[in-house]
Amino acid sequence: MFAPHGRDAHLAVALLREAKIVAAACPEIPALVEALGEDVTFVVMSEEAMRGVDLSALRAWIDGQPAWSDLPFIVLTQRGGGPESNPSAAKLADILGNISFLERPFHPTTFASMARTAHKARQRQYEARDRLEELNESQERLATAMLAGRLGSWSIDIETETLVTSPLCRQIYGRSEDDTFSYAQLLEMIH
């Protein structure tokens, strides 16, 4: 939570804890950026707290996220503070990316609902990351097994009948890497 002015930080942290979401307040942007890590599922910030503040470190962190990651941000705005009528909100949307605006005063249930939704979205991102890691590990095991068994691989684009082969597959069929090797040629060699 980044809202160093007023009661926003205290109130938001209390509401999040009431919703059984672990929360902490950060007094400044460098502390917020330093706190970002695996255990952070979303960030709540007040729009006015970011006016005149250097957001380059936060933007660098956002831009450096892995492909699977899109950290959610909830920005508390004043009445009429959405991006369509507020240039600073539009700028924040550009910097933060995955952003939701919540106009104050807000109902605690609305805030808790937005927080739970952001939390669940981040959990799904972590699940996607885990599946990608499992897929990469599986591909590495397959590549190792194929190399150990001296098995080449090939695939065909069904629509264009374009054959894509591994160097070992080409070698097994007596082709060099520079030789053309079409799907029709593969079929001739097999039959």
Exactly one of L32, L36, L55 is touching a residue at least 40 places away in the same chain (Cβ under 8 Å), farther than 19 Å from T117 by Cβ and of a type outside the set (S, T, N, Q), and that one is L55
In the range 147-172, anything aliphatic (A, V, I, L, M), more than 30 Å from W68 (Cα to Cα) and surrounded by 10 or more Cβ atoms within 10 Å (Cβ to Cβ) is listed as L151, L163, L168, I172
Could you please let me know if T144 is under 32 Å from the mean Cα position of the chain (by Cα) and within 19 Å of W68 (Cα to Cα)?
no
Checking F42, F106, F2 in turn, the sole residue that is touching a Phe, Trp or Tyr at 6+ places or on another chain (Cβ under 9 Å) and among the aromatic types (F, W, Y) turns out to be F42
Counting only residues in the range 58-95 that are at pLDDT 90 or above and more than 18 Å from the chain's Cα centre (by Cα), the one surrounded by the fewest Cβ atoms within 10 Å (Cβ to Cβ) is identified as L76
Residues of the range 128-185 being touching a Gly at 6+ places or on another chain (Cβ under 6 Å) and hydrophobic (A, V, I, L, M, F, W, C), in sequence order, are L168, C169, I172
Within the range 25-44, restricting to residues that are aliphatic (A, V, I, L, M) and either in a loop (DSSP other than H, G, I, E, B) or not assigned by TED's automatic domain parsing to the domain that holds S100 (or both), the one that is surrounded by the most Cβ atoms within 10 Å (Cβ to Cβ) is A25
* Does the range 173-182 contain any residue that is outside the structural domain of S100 (by TED's automatic domain parsing), part of a helix (DSSP H, G or I) and surrounded by 11 or more Cβ atoms within 10 Å (Cβ to Cβ)? -> no
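The values are calculated or read from the model by the stated rules, or taken from the named source; none is laboratory data. Remember, it's a predicted structure, so these values are computed and weren't measured experimentally. Every residue, glycine among them, receives a Cβ derived from its backbone with ideal geometry; neighbour counts consider all protein chains shown.
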